[in-house]
Each structure stands twice: as C-alpha cells, then as structure tokens.
Amino acid sequence: MYKTSIRGKLIEGDKSLSQISHEILAPIDAKTPRWWYIAMTVSLAMFGWGLYCKYITITQGIGTWGVNNTIGWGWAIINFVWWIGIGHAGTAFSIFLLILRQKWRTAINRAAEAMTVVAVFCASLFPLLHMGRPWLFFFIFPYPNTRGPLWVNFNSPLFWDFVAISAYMLISASFWYFGMVPDFATIRDTTKSKVKKAVYGFFAFGWTGSSKEWLRFEGLSFVLGGIAAVLVVSVHSIVSTDFAVSVEPGWHTTIFPPYFVVGAIFSGFAMVLTLVTLMRKLYKMNDFITDSHVDAVCRILVFISLIMGTAYLTEIFMAWYSGSQYEMYTFFQNRITGEYAFQFWAMFVFNALMPQLFWFKSVRKRLWIVFIISILINVGMWYERFNIVITSLSKNYLPANWASYSPSIIEIGFFVGTLGMFAAGVLLFFRYIPMIAVSEIKSVAKFNNEIQPTQHHE
Amino acid sequence: MTEERFVAPKNLKYFTYALITIGVISFAIGFFTDPQRTWANYLLNNFYFVSLAIGAAFFISIQYIAQAGWSAAFKRIPEAMAAYIPFAAVFFLILLIGVHSLYEWSHQETLATDRLIQHKAPFLNTPFLAVRLVIFFSLWILLTKLMRQTSLKEDIEGGLAHFHRSEKLSKIFIFIVAVSFSVFAIDMLMSLEVHWFSTLFAAKTFISAFLHGSAIITLIVILLHRNGHLNMLNRSHLHDFTRYMFMLAIVWGYFTFAQFMLIWYGNIPEETAFYVHRWHSPYQFLFYASIVLNWLIPFLLLMPRKTSRSKLAMIPVIVLLMIGYYIELYYEIWPATVHDAKFGLLEIGTFLGYAGLFSLVVINYLGKANLVPVKHPYLEESMQHHF
C-alpha cells in the first residue's frame with residue numbers, strides 16, 4: 001500500500017510498462033545531441049591537462065607540487081577525501097534507501113551508483129601519485145616478499161585505507177554492474193542496431209528474465225547490498241583515522257569517524273542531486289524524476305546539514321571546553337580567524353547554513369536554486385577538507401615549524417583533470433547506459449494507482 | 001477505522017504504586033545512610049528515564065520527517081512515553097540541590113586551585129546549569145505537548161493540515177534536540193569527569209537514548225498486543241521495530257568503538273584518563289558487559305530474519321538492552337562520583353521506583369486518547385503493512 005495522494009506520484013503520466021522502457025531507453029538509440037559532443041570535448045581537454053600534470057609529477061616528482069615539510073599533505077589529500085566522499089552516495093542511496101524501502105530511490109539509484117564508480121576511481125589516483133614512486137605501489141599489498149621481512153605496517157591507517165577502498169571499489173562496481181544486467185537485456189531485445197544487440201547482449205549475460213533468474217538476482221543484490229552498507233561506513237571512518245589517530249590538534253578528535261561518514265554522504269547526495277537535475281533538464285526525464293524526488297533528496301540534505309552544523313559546533317565548543325591551548329589555537333586563531341578564515345567560513349556557510357534554505361518548500365520547488373545549492377554544498381565540502389588537512393598541519397606545536405601552503409599549477413591541473421575524467425565518465429554513462437534503472441522503475445509502477453482499502457481490507 | 005481505548009487494569013496501576021513506594025523508601029533510606037551514593041543513583045535513574053522519553057519523542061519526529069507509513073498505528077506509544085518529560089524536569093531541578101555531591105567543578109576549593117576548572121567555570125557553574133536545564137526542559141515539554149495536541153486534534157478533525165503541522169513541529173524538535181541534548185549530555189554526564197573531554201560523547205549518548213527509547217517502544221507495543229490491543233501488529237511491523245534496534249545497536253557499537261579506539265591510539269594522558277580510571281575490576285568488566293549487552297547480543301540475535309520477527313527473541317534482547325543501558329550509565333557515573341562500585345538493594349529499589357513511575361505515566365497517557373490515531377493519513381499503510 002502506497003498513499004500516492006499524500007506522497008506524490010512516483011511516475012508522472014499514465015504510462016504502460018513498455019512506454020516506461022521506451023522513454024528511458026530512448027536516448028541510447030537516439031542521435032547523440034550536439035551539447036554532448038561539446039561537453040565531452042571540454043571534459044577530455046581537462047582530462048588531457050590532468051594527464052600532462054600527472055606526467056610531470058611522475059617524471060619530476062612531488063617537488064613540483066606546493067607541499068612542503070610542514071604541510072606534507074596538500075591538494076592531493078584534500079581531493080582524495082573529497083572524491084571518496086562523493087563516491088559514497090551511490091552506495092548510500094542504493095543500500096540505505098533499499099533497506100529503508102524508500103520507493104523513490106528507483107529513479108535515482110542508477111545515476112548514483114555510476115557516479116560512485118567514477119568518483120572512487122578519481123579518488124584512488126591521488127594517493128597513488130602521492131606515493132612519489134607510483135610504480136612501486138604494489139609494496140602496499142601485504143604479501144610475503146623478497147624485500148626481507150618487510151611487511152606493511154598493519155597499525156597504519158594508510159594501509160587500512162588501501163584495504164577499505166579497494167574492497168569498496170570492487171563491491172560497488174559489482175553492485176552497479178549486476179543491477180544493470182536486466183536493463184542490458186532490455187536494450188538487447190529492443191534495439192535495431194546489430195552492433196548494439198551484440199554488445200549489450202554480451203553484457204547481459206544471456207538474461208532471459210525467468211522467475212528463477214529474478215530470484216537469484218534479488219538474492220544477489222541483497223547480499224552485495226549488505227556488504228556494501230558496512231563498507232560505506234568503514235571506508236570513510238578509516239579515511240578519518242588517517243587524521244584522527246595522530247595527536248595533531250584539530251585532527252585528534254573522537255567525533256571524526258561518524259563526522260566524516262556523514263560529510264561524505266552529504267557531498268555524495270549533493271552530487272546526485274546535481275546529476276539528476278541535469279538528467280531531468282537535458283533528457284527531459286521529468287516524468288521519472290519528479291518534483292517529489294527532488295524534494296526527498298533536499299529533505300535528506302537539510303537533515304544531514306543539521307548534523308554537520310551540530311558537529312562543527314561540537315568541535316568548536318570542545319576545543320574551548322578542553323582547555324588545551326593547542327586545540328584552542330587551532331580553532332580560534334587558525335580556523336575561525338587568521339590566515340585560513342575564508343576557507344573555514346566558506347565551509348560553515350555552504351555546509352551548515354545555506355542548505356537550511358531547503359526547509360522552505362518554495363526553495364525546494366525551484367530547480368535552478370536546488371541545482372546551485374547542490375553545487376555549492378560540494379564546494380563547501382571541498383573547503384571542509386581544506387580546513388582539516390591544511391590548517392592543522394600549518395601551525396602545530398612548534399612555532400619554528402609553521403608554514404603556509406598554496407598549490408602549484410601542477411596540483412591544480414591534476415585536480416582539474418579528475419574533474420574532466422568524472423565529467424567524461426558521467427557523459428558516457430548518459431550516452432550508453434540506461435540512466436534510470438528500467439526494471440526497478442517498473443517494479444514501482446504499480447503503486448501509481450492507489451488501491452482502495454475497501455477492495456482489500458475488512 | 002478501529003477505535004480502540006486502552007483501559008489500564010486496576011492491578012497494573014496498584015502494581016506501579018507499589019513500585020513507586022519501594023522507590024521512595026529506597027531513596028529515603030539511601031539518603032540518610034549514604035547521601036553521595038544516593039545522589040549518583042538519583043542522577044543515573046533520572047538520566048535513564050529522561051533519555052527513554054527523549055528517544056521516544058525523537059522516534060515520532062523521525063517518522064514524520066522520513067514520511068514513514070508503517071509506524072503510524074503505533075505512534076501513541078512514543079507519545080505516551082514523551083509525556084514523562086515534565087516529571088523528569090522536576091527531578092532534574094531537584095538534582096541541583098545535590099550538585100555538590102556529584103560534580104567536582106561545583107566545589108569552591110577545587111575551583112580555587114584547578115586551572116582547568118577555572119577555564120571551564122564560565123560554562124560549568126550552578127546558576128548557568130540551572131538556566132540551561134530550565135531552557136532545555138521548557139523547549140522539550142513545549143514541543144512534545146504541541147505534537148501531542150496536534151495529533152489529538154487530528155483524531156477529531158482529520159484532514160492533512162494537522163499532518164503537515166506535525167511534520168513542521170518534528171523538524172523544529174530535531175533541530176532543538178540536536179543541540180540541546182548534546183549540551184545536556186555534556187552537562188550531566190561528561191562534566192562528572194571534569195578534566196576529560198571527547199567530541200563524540202554527546203552523539204554517543206544521544207544514540208544510546210534513541211536505541212533504548214526504541215527498544216522500550218517495541219516492548220510496550222508487544223505487551224499491549226499480548227493483552228489484546230493493537231491487533232494489526234504483524235510480523236512486518238515487528239521486523240521494522242527490530243530494524244531500529246538492530247541499526248541503532250550497530251551505530252552504538254560504532255560510536256563506542258570510535259571513541260575508545262581513537263583515545264587508545266592517540267594515547268594522550270588527558271584523554272586516556274577516563275578509561276584508565278575505569279581499567280580495573282569491576283569497572284573493566286562493566287566496560288565489556290556494556291558492549292556485549294548493547295551491541296553484540298542485539299547484533300547477533302536480531303540479524304537472522306527468523307528472530308527479527310519473533311517476539312520470543314525480541315523480548316529478551318530488549319530486557320538485556322535495558323540492563324545494558326543501566327550498565328553504560330553506571331560505568332560513566334559511578335567511578336566519577338562514588339568511586340567504589342557499590343550496588344545493592346538501594347539501587348535496585350530506586351530503579352524499580354522509577355520504572356513504576358514511568359509505567360504509570362505511560363499507562364495514564366495511553367488511556368487518555370484513542371490507542372490508534374484513527375485519522376492519521378498513513379494509518380491505512382500502517383494497517384496493511386507487509387513486506
């Protein structure tokens with residue numbers, strides 16, 4: 001039972017099941033629009049510049065970056081944490097909303113999962129190149145080796161990171177892929193092009209849609225979902241321990257694991273919102289991504305923003321309450337005021353204050369405001385990571401070690417390159433993969449006509 | 001739809017009166033024999049039951065905000081639990097008399113010599129504490145009363161207006177409770193160890209309140225069902241209640257582990273002091289017991305689909321969770337105040353007294369309105385809930 005009269009419709013218009021398939025799959029068979037080529041060119045140009053910067057980093061070393069002895073972690077780690085955070089939403093959407101039986105998730109989860117895979121890939125580039133000698137990256141695998149009894153440091157959160165992220169990458173990629181199998185089969189069965197039939201047919205694993213297959217399919221998604229739910233939390237908790245297990249003021253604080261997880265989900269949801277508003281505008285998916293979908297994401301964002309605000313205030317209050325002069329210095333003279341005050345307030349305004357506008361229905365209804373806020377949230381989340389990574393390192397216990405940091409053009413290029421890569425990935429996804437999970441949307445189509453209780457009950 | 005009234009059996013009421021009498025007697029005896037221990041005990045029980053009420057109120061708000069349909073039929077139970085908050089307010093104001101027996105920062109002589117307490121004095125002082133308590137409780141009482149009133153009006157008038165108003169009130173409530181309960185936890189529990197601080201402590205305390213509040217809601221629902229009420233309760237509902245306990249138990253375990261692990265790994269004396277102070281028997285045992293009861297047992301027992309829908313498995317888990325919460329608070333309060341792990345008839349008696357009072361409040365408020373919110377827009381969804 002689903003009260004559409006109160007909750008709003010999940011699919012607008014009275015559509016038959018085959019209409020749903022046709023409308024969602026239409027962009028795959030249609031001619032590629034011109035804006036797509038333009039956007040792709042820009043993305044690839046950005047990606048190319050990124051490649052050049054990576055080339056410089058690998059051939060000349062980390063010295064080409066703006067990092068120094070005091071601030072050994074610069075943009076690379078900020079961007080790493082930022083991308084990983086964005087990469088969280090896919091699984092957060094699919095799993096948490098699946099567990100919570102939120103039916104509106106069906107329109108959005110595919111985009112979220114696709115985004116996860118690309119974002120996690122972008123993220124993993126940063127620590128890889130930050131190693132300095134990326135061709136020796138396999139040293140991080142814990143295996144018996146000929147380098148003497150030289151094992152990885154199991155006590156190091158950097159190693160935990162490696163384990164958590166690679167596991168997360170595997171699971172979220174399989175979750176995304178297996179979810180697409182029935183849709184690939186639909187394309188195979190409906191497309192007229194022979195090449196497409198062959199390619200999508202290959203990826204569809206010979207799916208026939210028998211009930212046995214569906215049974216296995218559902219079983220698999222629950223198992224993968226269960227594993228991924230744990231991984232979502234573990235990945236970002238572990239990323240937070242990269243900072244929190246140190247004794248650096250501003251880093252060593254117990255709230256970090258949940259605060260990072262929540263922040264990650266926050267930025268990921270914001271990115272999903274950015275993507276679905278684009279999908280809705282560019283591909284006219286208004287009937288599937290309805291106002292109530294956008295409304296629901298906004299509600300989640302305002303709730304998370306509240307948690308973020310509480311966490312920021314808790315940290316500031318505790319810095320004072322602790323009575324530790326280092327904590328107080330970091331928060332009151334190096335964050336709220338001082339050299340990095342702009343970054344702090346950018347974070348605070350974009351993450352804790354501005355999303356509060358979503359309390360108002362008039363704001364949630366206006367798609368362009370929603371779009372802008374969703375982007376600004378991710379700007380704010382970027383500043384949050386800047387705040388954490390840079391301010392604590394710049395001025396810690398020994399004033400003789402204090403230093404400032406500004407990124408070099410190579411670091412900036414590297415970041416722009418990942419943005420290009422992400423955009424290109426998303427564009428490919430729009431073009432070649434059903435951007436809404438057809439089979440899942442069909443599964444909620446029946447809730448559109450409210451069953452009258454008298455027919456059912458009493 | 002089904003109108004249903006809860007009429008409290010006479011015996012049940014007498015039973016709660018008996019429990020309250022036991023509580024009053026134990027408290028009185030304790031007060032004359034060992035006042036400090038009694039104040040610690042008083043704080044523990046007050047905190048225990050007010051968190052259940054706050055947890056219940058938060059449960060209602062979350063249902064509205066998340067637009068959950070399944071729980072609509074049961075919303076009178078958390079409403080009745082939230083009605084305990086005014087009683088807790090009186091108790092917490094009385095607690096101000098015992099501040100000297102509980103909080104080191106209130107001692108003039110330590111304040112004169114201790115630099116850290118001096119630093120915290122603008123926040124940690126009795127007048128300001130009293131002001132904060134008055135503000136917090138007035139806000140909580142005001143909002144829970146408004147939510148209750150709206151819900152009762154909806155019963156009579158129906159329509160969507162009250163539903164939307166409830167949602168708005170829920171939003172305001174979580175907004176306020178996020179900040180106020182955090183500070184409340186710092187005031188009441190964390191400042192017992194006045195030198196110690198942890199940013200996660202408030203959040204952990206809040207999750208604990210939500211976890212144990214949800215467990216008690218479930219318990220009351222099951223008990224009412226046993227006695228012939230709430231006939232619509234089916235296995236899907238039970239599974240959903242279990243999910244709250246299961247999920248929150250995991251979050252509880254996660255927060256507890258995060259706080260402990262980071263303090264252990266950082267190994268800074270000013271932070272480890274809290275655990276070092278408690279790293280001997282019997283507190284060390286209680287440390288593990290709290291983890292087993294609040295996380296491990298719910299986690300393992302509520303995981304299988306079979307047990308997560310069975311009252312037979314849920315009731316013992318809830319009882320263990322209740323014990324677990326007591327242990328958690330005991331572990332935090334006792335070493336900071338009484339130091340020796342004293343536990344005896346006084347504690348049991350006082351706890352029974354509070355349990356009696358809490359039950360009496362819940363019973364009375366359940367009886368004051370329809371047991372089922374008859375015109376709740378999601379009631380049909382809730383009645384036909386199945387997955």
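Nothing in this text is a laboratory measurement; each read-out follows from the coordinates by a stated rule. Note that the structure is predicted; figures quoted are calculated from it, not measured. Here the Cβ is made from the backbone with ideal geometry for all residues, glycine too, and neighbour counts use every protein chain on show.
Data overview
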{"item": "Inter-part distance where segment B:84-155 and segment A:379-436 are each reduced to a Cα centre, Å", "result": "43"}
{"item": "Difference of contour (0.36 nm per residue) and Cα-Cα distance, A:TYR177 to A:PHE137", "result": "11.7 nm"}
{"item": "Inter-label distance for B:ALA66 and B:PHE128, nm, one decimal - labels placed 7 Å from Cα along Cα-to-Cβ", "result": "3.6"}
{"item": "Separation in nanometres of the label points that stand 7 Å from Cα toward Cβ, at B:ALA8 and A:ALA341", "result": "5.8"}
{"item": "Prolate/oblate/rounded label for the protein assembly as shown (Cα gyration tensor, a/c 1.5)", "result": "oblate"}
{"item": "Residues B:MET81, A:MET285 arranged by fewest to most Cβ contacts within 10 Å", "result": "A:MET285, B:MET81"}
{"item": "Distance between segment B:165-191 and segment B:253-274 - C-alpha centres, whole angstrom", "result": "25"}
{"item": "Ranked A:TRP73, A:TRP402, criterion: other C-beta atoms within 10 Å, fewest first", "result": "A:TRP402, A:TRP73"}
{"item": "FRET efficiency estimate (nearest 0.05) - Cβ-Cβ, A:GLN19 to A:LYS361, R0 25 angstrom", "result": "0.25"}
{"item": "Length released on extending from A:LYS103 to A:LYS197, taking residue separation times 0.36 nm less the Cα-Cα span", "result": "30.8 nm"}
{"item": "Label point at A:LYS31 placed 7 Å out along Cα→Cβ; residues across segment A:177-202 whose backbone nitrogen lies under 18 Å", "result": "A:192-193"}
{"item": "For the protein assembly as shown, calculated [θ]222 nm from helices alone, where every DSSP H run of n ≥ 4 adds -39500 (n - 2.57)", "result": "-23000 deg cm²/dmol"}
{"item": "Cα centre as origin, Lys/Arg/Asp/Glu Cβ charges: the protein assembly as shown dipole, Debye", "result": "2360"}
{"item": "Separation of alpha-carbon centers, segment A:6-37 and segment A:125-139, rounded to whole Å", "result": "42"}
{"item": "Stretch gain in nm, segment A:ASN145-A:LEU398, where the contour uses 0.36 nm per residue and the Cα spacing is subtracted", "result": "87.2 nm"}
{"item": "Degrees, to the nearest 10: B:201-226 long Cα axis against longest axis of chain B", "result": "40"}
{"item": "Sorted by Cβ neighbour density within 10 Å, fewest at the top, the residues A:VAL262, B:VAL90", "result": "B:VAL90, A:VAL262"}
{"item": "Under 14 Å, Cβ to Cβ, from B:ILE60 - net charge with Lys/Arg +1 and Asp/Glu -1", "result": "+4"}
{"item": "FRET efficiency for B:GLN108 and B:LEU139, using Cβ-Cβ distance with R0 set to 45 Å, rounded to 0.05", "result": "0.90"}
{"item": "Environment charge at B:ASN125 (Cβ cut-off 14 Å; Lys +1, Arg +1, Asp -1, Glu -1)", "result": "-1"}
{"item": "0 to 90° range, to nearest 10: angle between helix A:194-203 axis and chain A longest Cα axis", "result": "60"}
{"item": "Chain A shape via C-alpha gyration tensor axes, a/c threshold 1.5", "result": "prolate"}
{"item": "Gaussian network model of chain B, Cα within-10 Å springs - most flexible of B:ARG243, B:ARG148, B:ARG115", "result": "B:ARG115"}
{"item": "Angle between chain A longest axis and helix A:34-60 axis [Cα atoms, degrees, rounded to 10]", "result": "30"}
{"item": "Cβ-defined net charge surrounding B:LEU139, 13 Å radius [Lys, Arg +1; Asp, Glu -1]", "result": "+2"}
{"item": "Rough spin-label spacing in nm, given labels placed 7 Å along Cα→Cβ, for B:TRP264 and A:LEU51", "result": "4.8"}
{"item": "Sites A:THR4 and B:VAL292 - FRET efficiency at Förster radius 45 Å, r taken between beta-carbons, to 0.05", "result": "0.50"}
